[in-house]
Amino acid sequence: MTDPTSRLHEHIPALRRYARALVGEAALADDLVQDCLERAVSRAHQWRQTGSLRGWLFTIMHNINANQRRSAARAPAWDPIERAENTVGQNGQQIDRIALQEAVAALALLTAEQRQVLLLVALEGLRYEEVAQVLGVPIGTVMSRLSRARDRMRELGRSGPGRALWRVK
Amino acid sequence: MTNTPPGGGAPPTSPPIDDDMLNAYVDGRLDAPSRARVAQWLEANPEEAARIADWQETGEALRAAFDPVAAEPVPAALAMAAAGSPRPHRSWLRQAAAAVALLALGGGAGFGAAELLRTAPPQEHVALDAVHLAGNAAVAHRVFAVEVRHPVEVGAEQQAHLVQWLSRRLGTKLVAPRLEAQGYRLVGGRLLSAGEGPAAQLMYENREGKRITAFVANGVADGQTAFQFRQQGDVATFYWVDNGTGYALSGELSREALLEISRIVYSQLQP
């Protein structure tokens, strides 16, 4: 049986990207990634060869994040605008920085469930079946959350923290 | 097909165009005929088309905002966690992110992932001994030798600065061995940790891109040892301790090839 830990490092960039978008703050996000990697190493024997390593890692991260959110003390306080400025800070060259900040701010106003689904699909490119496995919900739930998340982002893009819909070009 | 409401008006053999289908359209999950059918339907339904355009722009904005995170160099603490090095203290990550020092090898850990799975977690605050030094060296080799974009912190083009910096942090005069005759040129180095103190890693590369790393740390408990050998997976390590300074040379080389280079490194380090 291949030891999955030998390939963990390949997935760190995507795990960091997802965690950053999910929890907002860089230090908290990397903490989450580190917890995830440590748990993956310690539970490597539980990984089923048939499943994708990426999906397994996102599942671990989801479970850790869900547990942390349950303990209120650890729940990150989302300040959408501040988070957005920190996140998008230096990354605006040809893209409109303000527009991206507004998109990130709107993301913070989704429910956690909507945010997870939207990010796993639109940012990480997981298939719907994979998202259902990661989150432990039926695929129908994934699809309805996805539509609601996208429509909510659309509303927020027109009226919410963003004054106009973000344009990336 | 004009102004058809969602789900209506489609040929009986085709599934209705509903939100599931529109999501799949946005996410590129439809086959060509279905994609064409949705595109045609959107042309006839401008309100839905505007909605779908916004959905697409949301995705583009999120990717533009967060893709740069995936392009950042991987923090050393995370690379070490993936390689199976546990952290003894929770507060490390923030320090590690801020500081240059890599703290993930503290606590006397430093075995490969496979070993960690078989053994109990190491105790905290174990003094650095030669075996742990070799373990740390092998893990650090495995983590950074594969790194394409950021294999070192300071490149060989700044060799004087590199050696001076690492010497100051180690509190011992570091010498970068010359291995050109063996076909290896210095790539550069980085500051890491071993036990509870600093350690230096120097990386060398040959023309085929094969890399070997030298790992140096001070304050090794067994003050003096002979050459010793350790194999962790693909990574071979020769290590020795001289006056409390530990040296380890790691690479995915045969024992014989690595021994030859280790002897040369050893001879160059003698005054």
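The lone criterion from (1) within 16 Å of the chain's Cα centre (by Cα); (2) at pLDDT 65 or above; (3) surrounded by fewer than 24 Cβ atoms within 10 Å (Cβ to Cβ) left unmet by A:Gly157 is number (1). In region B:72-82, the qualifying residues are those that are at the interface with another protein chain (Cβ under 7 Å from one of its Cβ atoms) and part of a helix (DSSP H, G or I), and the one that is nearest to B:Val148 (Cα to Cα) is B:Ala79. Remark: pairs (first residue in region B:159-188, more than 16 Å from B:Ala248 (Cα to Cα); second residue among the small types (Gly, Ala, Ser) and exposed (fewer than 13 other Cβ atoms within 10 Å of the Cβ); Cβ separation under 8 Å; 6+ apart in sequence or on different chains) are absent. When residues in region B:215-224 are screened for being over 17 Å from the mean Cα position of the chain (by Cα) and within 14 Å of B:Leu249 (Cβ to Cβ), 2 of them pass.
Exactly one residue among B:Gly28, B:Gly9, B:Gly59 is outside any helix (DSSP H, G or I) and either modelled with pLDDT of 85 or more or crowded, with 18+ Cβ neighbours inside 10 Å (or both), and that residue is B:Gly28.
Output the residues belonging to region A:30-52 that are of a type outside the set (Val, Ile, Thr), buried (at least 18 other Cβ atoms within 10 Å of the Cβ) and closer than 15 Å to A:Ser6 by Cβ. Within region A:30-52, A:Leu37, A:Ala40, A:Ala44, A:Trp47 qualify.
Taken as a whole, the condition of being part of a helix (DSSP H, G or I), under 27 Å from B:Phe144 (Cβ atoms) and at the interface with chain B (Cβ under 9 Å from one of its Cβ atoms) does not apply to A:Arg54. Quickly run through region B:31-47 and pick out the residues that are under 26 Å from A:Glu124 (Cβ atoms) and either part of a helix (DSSP H, G or I) or touching a residue at least 12 places away in the same chain (Cβ under 8 Å) (or both). B:Ala32, B:Ser34, B:Arg35, B:Val38, B:Ala39, B:Leu42 - these are the residues of region B:31-47 that are under 26 Å from A:Glu124 (Cβ atoms) and either part of a helix (DSSP H, G or I) or touching a residue at least 12 places away in the same chain (Cβ under 8 Å) (or both).
Selection of region B:181-208 for residues being surrounded by fewer than 19 Cβ atoms within 10 Å (Cβ to Cβ) and either modelled with pLDDT under 90 or among the polar types (S, T, N, Q) (or both) yields B:Gln182, B:Glu196, B:Gly197, B:Asn206, B:Glu208.
With respect to B:Gln228, determine if the residue is farther than 30 Å from B:Glu157 by Cα, surrounded by fewer than 16 Cβ atoms within 10 Å (Cβ to Cβ), in contact with a helix residue (DSSP H, G or I) (Cβ under 8 Å, 6 or more places away or on another chain) and of a type in the set (S, T, N, Q). Answer is yes for this residue. All of A:Glu130, A:Glu113, A:Glu82, A:Glu38 fail the test of being charged (D, E, K, R), in a helix (DSSP H, G or I) and modelled with pLDDT under 75, apart from A:Glu82.
For region B:53-66, the candidate set comprises residues that are at the interface with chain A (Cβ under 7 Å from one of its Cβ atoms), more than 14 Å from A:Ala105 (Cβ to Cβ) and not aromatic (Phe, Trp, Tyr); within that set, the residue that is farthest from the chain's Cα centre (by Cα) is B:Asp54. Candidates are the residues of region A:19-29 that are in a helix (DSSP H, G or I) and surrounded by fewer than 21 Cβ atoms within 10 Å (Cβ to Cβ); the one that is farthest from the chain's Cα centre (by Cα) is A:Ala27.
The values are calculated or read from the model by the stated rules, or taken from the named source; none is laboratory data. For clarity, every value in this text was computed on a predicted model and none was experimentally measured. Quick reminder, even Gly has a Cβ in these numbers, built from the backbone with ideal geometry, and neighbours come from all protein chains shown.
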